[in-house]
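Okay, so here's the structure we're looking at.
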Amino acid sequence: MTDTETRPSNFIRQIIDKDLDSGKHQSVQTRFPPEPNGYLHIGHAKAICLNFGIAKDYKGACNLRFDDTNPAKEDIDFVHSIQQDVNWLGFNWDGEVRYSSNYFDQLHQYAVELITKGKAFVCFLNAEQMREYRGTLTEPGKASPSRDTTPEENLALFEKMRNGEFKEGECSLRAKIDMSSSFMCMRDPILYRIRFIHHHQTGDKWCIYPMYDFTHCISDAIEGITHSLCTLEFQDNRRLYDWVLDNITIEKSRPEQTEFSRLNLEYTLMSKRKLALLVETNVVSGWNDPRMPTLAGMRRRGFTPGAIVEFISRVGVTKQENMIEIGMLEVCVRDELNEKAPRAMAVLDPIKLVIENYPEGESEIVTAPNHPNIEEMGKRELPFGRELYIEAEDFKESANKKFKRLVIDKEVRLRNAYVIKAERCDKDADGNVTTVYCTYDPETLGKSPADGRKVKGVIHWVSSTDNVEAEVRLYDRLFNVPNPAAEEDFNTVINPESLVVIKTAYLEKNLADAKEEQVYQFERIGYFCKDSVDSTPEQLVFNRTIGLRDTWDK
């Protein structure tokens, strides 16, 4: 019996505990079986954490198996991206990567066995006729005219299918189950269809490809899977899963399918088909666009695997379908980055600050902690001189007491540096402030004014002569309604502010050496990371991961 005291339990773990205690299984073997027809998204992270997490906790094993039975929609690029995502989340699969196509020869033999037993037949109804014959939820279906063909005839027809002697869509192999079943999936479902298409693993060996429901259960059995964990949309299909295994001769241990609720997240689409439309119509720049809920997009944006795994843990595992607030994910991201992200300074909307009593032609180095609470992260050096950049919103000519930043005749502290006092400003022809002139108290570096003056405001800054220029992309939620999937056309609820590009921002010079996937807190602004796709040494690009606080509803 495993130790369940140290981790949260759920109904799946309770089933596994019971199976192990009863001796039904001696060990736990799970699998993660994605179809390589797109990039994985945050919803898949739940299945990854569940399958790999259970295998790890029970000292079992988890296979990575690609459900590659539909080569028309699959691509080797998706295969590689999925492996990268699983590893990025911190998980490793057992043995070699597996593919459903590894078992095509065995699957073909099991199909022949079903035909021989009179439990499968070659059907010549086209797709439209098949829909008509299937019936409705309230009316039974009708038998195909081919349903009573003899096993001998069906074996010959299936061999002709295998040899490419029929056209695509001309016929299919169907199970012979029950056209009056209340479960639509049991009304003589298709087991094989004809596709003349090159397969990324098997090449041109096959022109018939098995359906998911036929393939999945047999693959599980071949691999000795003990607990086949699926989302709730496969609940009815469990009957077909069991029917196939009940009607073939297979010596491996019998897997058992258990369903859990999928992850539904606010302001997000969780359909790979709809995400593909966003890519195909150029609403986003690709599957790894930082606004996409794909793991590749989140990684590029600066979300950490630890934050995602923690979020999945907080969501939990149930059979209850619900919509998770996106704020829960954002809290996990902020909590992790607040602890781990080194600090830096950046000015996104700059105006010039001139310290008139600072010696012309001189400069100095001030030091700042890389993290205010973690001394082990060390310190960094910042060039300081007479001319700096500050944020335009940090200065007003006049303001009430609630404004704690720079105002004419008032003092603030420059972060990690001196106390300054604004004296006057210059404006352009449109009345926009371009330059603020101030004086500084040279005795306030790292300490309060000697005469006890209280300085409450703090603003950040960057040297105007010794900095790094960068393009900064301010990413936000892609949709402006909580449930875009419910809209007739989700393109009508795209958030127009989901990406705002600042062509020239000024960053402290240390960020010239920023590493990919290293997230920084731009002090007083938010969390940012260097873009892993478009950033170059000649043109740095930084992406906003998330703001310091949630301002969406404000």
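The values are calculated or read from the model by the stated rules, or taken from the named source; none is laboratory data. Predicted model, so just to flag it, every value in this text is computed and none were measured. Positions of Cβ are backbone-derived with ideal geometry, glycine not excepted, and every protein chain shown enters the neighbour counts.
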Residue list for region 35-73, filter: among the aromatic types (Phe, Trp, Tyr) and farther than 14 Å from residue 201 by Cα | 39, 52, 58
Write out, first by first residue and then by second, each pair whose Cβ atoms fall under 7 Å of each other, whose residues are 6+ apart or on separate chains, and whose first residue, in region 303-316, is outside the structural domain of residue 332 (by TED's automatic domain parsing) while the second is surrounded by 19 or more Cβ atoms within 10 Å (Cβ to Cβ).
-> none
Does residue 126 count as touching a Phe, Trp or Tyr at 6+ places or on another chain (Cβ under 9 Å) and either in contact (Cβ under 8 Å) with a residue 40 or more places away in the chain or buried (at least 17 other Cβ atoms within 10 Å of the Cβ) (or both)?
-> no
Please work out which residue is farthest from residue 130 (Cα to Cα), limiting yourself to region 165-205 and to residues that are of a type in the set (Asp, Glu) and without any contact (Cβ under 8 Å) to a residue 24 or more places away in the chain.
-> 204
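Regarding residue 390, is this residue closer than 18 Å to residue 343 by Cβ and either at pLDDT below 95 or part of a strand (DSSP E or B) (or both)?
On the way: closer than 18 Å to residue 343 by Cβ: yes; either at pLDDT below 95 or part of a strand (DSSP E or B) (or both): yes.
Yes; evaluated as a whole, the condition is true for this residue.
Which of the following residues is modelled with pLDDT of 95 or more and either part of a loop (DSSP other than H, G, I, E, B) or not charged (D, E, K, R) (or both): 94, 85?
On the way: 85 fails: either part of a loop (DSSP other than H, G, I, E, B) or not charged (D, E, K, R) (or both).
It is 94.
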Inspect all residues belonging to region 169-177 and state whether any of them is in contact with a Lys or Arg (Cβ under 6 Å, 6 or more places away or on another chain) and among the hydroxyl-bearing types (Ser, Thr, Tyr).
-> yes
Output the number of the condition that residue 493 fails; it satisfies all remaining conditions of (1) over 30 Å from residue 409 (Cβ atoms); (2) over 34 Å from the mean Cα position of the chain (by Cα); (3) aliphatic (A, V, I, L, M).
-> (2)
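Among 275, 240, 245, 263, which is the only one that is farther than 20 Å from residue 13 by Cβ and within 15 Å of the chain's Cα centre (by Cα)?
Numbers: 240 fails: within 15 Å of the chain's Cα centre (by Cα); 245 fails: within 15 Å of the chain's Cα centre (by Cα); 263 fails: farther than 20 Å from residue 13 by Cβ.
Among 275, 240, 245, 263, only 275 is farther than 20 Å from residue 13 by Cβ and within 15 Å of the chain's Cα centre (by Cα).
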So which of 167, 205, 160 ends up being touching a strand residue (DSSP E or B) at 6+ places or on another chain (Cβ under 9 Å), of a type in the set (Lys, Arg), in the same structural domain as residue 70 (by TED's automatic domain parsing) and part of a helix (DSSP H, G or I)?
-> 160
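Of all residues in region 206-251, which are free of Cβ contacts under 8 Å to residues at least 12 places away in the same chain and either more than 22 Å from residue 101 (Cβ to Cβ) or surrounded by 20 or more Cβ atoms within 10 Å (Cβ to Cβ) (or both)? Spell out how you get there, then give the answer.
Step one: of region 206-251, the residues free of Cβ contacts under 8 Å to residues at least 12 places away in the same chain are 246, 251.
Of everything in region 206-251, just one residue is free of Cβ contacts under 8 Å to residues at least 12 places away in the same chain and either more than 22 Å from residue 101 (Cβ to Cβ) or surrounded by 20 or more Cβ atoms within 10 Å (Cβ to Cβ) (or both), namely 246.
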Scan region 396-410 and give yes if some residue there is over 22 Å from residue 547 (Cα atoms), surrounded by fewer than 14 Cβ atoms within 10 Å (Cβ to Cβ), of a type in the set (Ser, Thr, Tyr) and over 38 Å from the mean Cα position of the chain (by Cα), otherwise no.
-> yes
